[in-house]
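Reading through the structure tokens given below for one structure.
The values are calculated or read from the model by the stated rules, or taken from the named source; none is laboratory data. This one's a predicted model, so the numbers in the text were calculated from it and none came from an experiment. Note: ideal-geometry Cβ built from the backbone for every residue, glycine included; neighbour counts use all protein chains shown. Each accessible area value is taken on the protein alone, full model and side chains, heavy atoms only, with ligands, DNA and RNA left out. Shrake-Rupley method; radii C 1.70, N 1.55, O 1.52, S 1.80 Å.
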Amino acid sequence: MRHSSGFVERIKRHADRDPDRAAIVSLDVAISYRELVGRVDACARALAAQGLGAGEIVGLTVGDEALHLVATLALLELGIPQVSLGTHDPMPMRARLAARVGVARIVAASHDDRLDDLLFATVGSAGGGHPSRPAPFHDEPVVYFTGSGTTGEPKVVRMSERQIALQADRGYTDYGPERVLRLASVEHNNSKRLRLHCLWQGGTCVLRGAEPVALSTLCERFAVSWLDVAAYHLEDFVRSASPAHRFPAHTRLRCGGSRVPHRLRQEVLANVSAELHVSYGTTELGGVCIAYPHEHADPREPVGQPLAGVEVEIVDTERRPVASGEVGEIRLRAPGMVTGYVGDPEATKRHFVDGWFYPGDLVCRLPGGALCISGRVDDMMILNGINIFPAEVERVLESMPGVQQAKCFALRSDMHGEIPVAVVEVSGAEGPRADAIAQWARGWLGVRAPRRIVVVDALPRNAQGKVARRDLAALVPPMAGA
């Protein structure tokens, strides 16, 4: 599908059709599409009056979610590229990302968020002038997005308005007339992208706000139809599950960004919501597939069939297609896909080849076409010539009563190649001990079982709630004779 107008023009069309429809709501604010257009135009005029113009990249540092979205759209209106420099990140981290992207000016709500040697502008300032809009729906980069950074400095991609819209039209058409609540702040890049998808489709962005209100109450009050969460949110829901906290029937849960264990899926369906959807996608390409509630009975943890418009192939190390049911590396292509990383030619060369994107995931195709994730290419272990997939080990460990979540990875060994070990999060003091978990694993996996088990109260996580794999190895003592 070719779009004939820009992102903000699309929002203006929503306002023309249904001006009083809610665009952004929270306990503190309610902004209709008509009011959103007015706020965006006013913000764009104020920024233009402070000298912002084409040819510079802006670092956006605004913690208030509604204001952040207005400023984001105002910069799109002006055609000025932007990157989020989150208020939750320390100043040195913001400065490094700004330097990588080439930020020339900071746009923020507070002078405290200035960065040295960079020009500064404030959102919400009064100002006249007229925003200068480039060609409608231009294809130049307008938003820089970062990954989660679980293994170091995050990769950075840049997207045009057209790419954001194409991704929205492929994986998020069901956000159209809906009310969508995402728990992570809009300053986190995936949250920002999904809220743009929601506005593109004419949906309502529901913001959580700072008030300590139960999510089930929030979903009831604002008639939330999609609650977008991470796996660790599901864990929290299960721990606090009670009839009073069960989500209303009209609220569907959509979880992506990391593996959702079979045990967790079953507990959510039984105690939290019957409407659990598990998605698989990437920042570089957008949504790839989604698993619906009826698919969660399968212990292989399917993530669903590829969405329309997504080409999927599973290949071996020589990049030849593997037989159905065999594990191989997935490669993808779809409209709206980016073609490389900012300032990282080595990663670009590794992940983007001959028009395909290689995210680095090991996948197999189940009978019927659904995909099942087996782990990361870099995480696959070879112990004495035996291939071991972390996801296979983790599923077995998590099937043991009392185990909440497990992460399996390799310790390098000159003698054996790679030795599988696991860090396991158990359910409190009554959870199983390491020796019992090891025995369970040997009974199911034989020689593929982890050689060492470390039990912890909680797995280390980053700011986005994903398990911080770099911190896992420090929890495992060296192995003698390895």
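For the stretch 348-392, which residues satisfy the criterion of being surrounded by 15 or more Cβ atoms within 10 Å (Cβ to Cβ), part of a strand (DSSP E or B) and polar (S, T, N, Q)?
SER374
Among LEU76, LEU36, which is modelled with pLDDT of 95 or more and touching a helix residue (DSSP H, G or I) at 6+ places or on another chain (Cβ under 9 Å)?
The unique qualifying residue is LEU36.
crowded, with 22+ Cβ neighbours inside 10 Å, of a type in the set (Gly, Ala, Ser) and modelled with pLDDT of 95 or more: does that describe ALA23?
Considered against the rule, which asks whether it is crowded, with 22+ Cβ neighbours inside 10 Å, of a type in the set (Gly, Ala, Ser) and modelled with pLDDT of 95 or more, ALA23 comes out as yes.
Could you list, in sequence order, the residues of the stretch 286-322 that are over 30 Å from ARG162 (Cβ atoms) and open to solvent by less than 20 Å² (accessible area, probe 1.4 Å)?
HIS296, GLU301, PRO302
Scan the stretch 156-189 for residues that are out of contact with any strand residue (DSSP E or B) (no Cβ under 7 Å at 6 or more places or on another chain) and closer than 19 Å to LYS466 by Cα and report the count.
Looking only at that region, the number is 4.
Name, by its number, the condition in (1) within 27 Å of HIS351 (Cα to Cα); (2) free of Cβ contacts under 8 Å to residues at least 40 places away in the same chain that does not hold for ILE386.
The single condition ILE386 does not satisfy is (2).
Please specify each residue of the stretch 193-227 satisfying the condition of being of a type in the set (D, E, K, R), within 30 Å of MET337 (Cβ to Cβ) and either assigned to a loop (DSSP other than H, G, I, E, B) or out of contact with any Ser or Thr (no Cβ under 8 Å at 6 or more places or on another chain) (or both).
Hit for the stretch 193-227 is ARG195, nothing else.
Does ASP16 count as open to solvent by 10 Å² or more (accessible area, probe 1.4 Å), touching a residue at least 60 places away in the same chain (Cβ under 8 Å) and either within 23 Å of ARG182 (Cβ to Cβ) or out of contact with any strand residue (DSSP E or B) (no Cβ under 7 Å at 6 or more places or on another chain) (or both)?
No, not satisfied.
How many residues does the stretch 401-426 hold that are in contact with a strand residue (DSSP E or B) (Cβ under 8 Å, 6 or more places away or on another chain) and exposed (fewer than 14 other Cβ atoms within 10 Å of the Cβ)?
Matching residues across the stretch 401-426 total 1.
Out of GLY481, GLY465, report the one residue that is at pLDDT below 90, surrounded by 15 or more Cβ atoms within 10 Å (Cβ to Cβ) and assigned to a loop (DSSP other than H, G, I, E, B).
None of the others qualify; the one that does is GLY465.
Only residues that are surrounded by fewer than 23 Cβ atoms within 10 Å (Cβ to Cβ) and part of a helix (DSSP H, G or I): list them for the stretch 167-192, please.
The answer is ASP169, ARG170, THR173, ASP174, ASN190, SER191.
Counting only residues that are crowded, with 21+ Cβ neighbours inside 10 Å and of a type in the set (Gly, Ala, Ser), which one in the stretch 80-96 is nearest to ALA54 (Cα to Cα)?
SER84
Got a sec? Which of ALA48, ALA54, ALA99, ALA108 is more than 23 Å from GLY209 (Cβ to Cβ) and open to solvent by less than 60 Å² (accessible area, probe 1.4 Å)?
After ruling out the rest, the residue left standing is ALA48.
Would you list the strands (runs of 3 or more DSSP E) that sit entirely within the stretch 233-334 and hold 2 or more residues that are hydrophobic (A, V, I, L, M, F, W, C)?
Of the strands (runs of 3 or more DSSP E) lying wholly inside the stretch 233-334, those with at least 2 residues that are hydrophobic (A, V, I, L, M, F, W, C) span 252-255, 276-282, 286-291, 311-315, 328-333.
CYS205 fails exactly one of the following numbered conditions: (1) touching a residue at least 60 places away in the same chain (Cβ under 8 Å); (2) open to solvent by 30 Å² or more (accessible area, probe 1.4 Å). What is the number of that condition?
In the conditions (1) touching a residue at least 60 places away in the same chain (Cβ under 8 Å); (2) open to solvent by 30 Å² or more (accessible area, probe 1.4 Å), CYS205 misses (2) alone.
Considering only the stretch 323-347, state which residues are closer than 14 Å to PRO367 by Cα and open to solvent by less than 70 Å² (accessible area, probe 1.4 Å).
Matches in the stretch 323-347: ALA323, GLY325, VAL327.
For ALA230, state whether it is in contact with a Gly (Cβ under 7 Å, 6 or more places away or on another chain) and under 16 Å from LEU253 (Cα atoms).
yes
In the list ALA474, ALA436, ALA458, which residue meets the criterion of being in a loop (DSSP other than H, G, I, E, B) and either out of contact with any Asp or Glu (no Cβ under 7 Å at 6 or more places or on another chain) or modelled with pLDDT of 85 or more (or both)?
ALA458
Does ALA42 satisfy the criteria of being out of contact with any Pro (no Cβ under 9 Å at 6 or more places or on another chain), open to solvent by 40 Å² or more (accessible area, probe 1.4 Å) and more than 19 Å from VAL206 (Cβ to Cβ)?
Yes: the conditions hold for ALA42.
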